[in-house]
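Note sheet for the following structure.
The values are calculated or read from the model by the stated rules, or taken from the named source; none is laboratory data. Computed from a predicted structure; not experimentally measured. Positions of Cβ are backbone-derived with ideal geometry, glycine not excepted, and every protein chain shown enters the neighbour counts.
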Amino acid sequence: MTEAVTEPDTVVAEPAEAPPAEPGLHQPKRWLIAAGEVVAVVLLVVLAIWCWNRGVVRLEYPVEGRDPLISTRYHGNWLGTSIAAATLAVVLVLDAVRQIMLAVRTRPQKAADSDM
């Protein structure tokens, strides 16, 4: 004969308390991050211009009785570094705008609830 198997009463444990909520989107430190990124953008633009000027070299060859021959030589390593610095500057500008928008537009939840 088979015995009936009964399951023991299952005890449901109460869920643990939720961890405290992390800070929301509105954080004053976002202004500091945006300011640091703006400083980095200025430095990267200066670096890009300096690298570009080093990457383009104009050469003049004097010729008797005629205008000098002028040629331009391009150094790819300097031009590539210049383009990379400018690209990174554009990315940092976009992130700085994002940080500023998050710092300005989003309010803490308590302030948002009190308006209703």
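When the residues of the stretch 27-69 are filtered to those that are of a type in the set (D, E, K, R) and in contact (Cβ under 8 Å) with a residue 40 or more places away in the chain, which remaining residue is farthest from Ala84 (Cα to Cα)? Selected residue: Arg30. Restricted to the stretch 12-37, and to residues there that are aliphatic (A, V, I, L, M) and farther than 15 Å from Val104 by Cβ, the residue that is modelled with the lowest pLDDT is Ala21. Kindly evaluate Gln99 against the criterion of being of a type in the set (S, T, N, Q), surrounded by 12 or more Cβ atoms within 10 Å (Cβ to Cβ) and modelled with pLDDT under 95. Yes; evaluated as a whole, the condition is true for this residue. Within the stretch 45-94, the set of residues being exposed (fewer than 12 other Cβ atoms within 10 Å of the Cβ), touching a helix residue (DSSP H, G or I) at 6+ places or on another chain (Cβ under 9 Å) and among the polar types (S, T, N, Q) comprises Asn53, Asn77.
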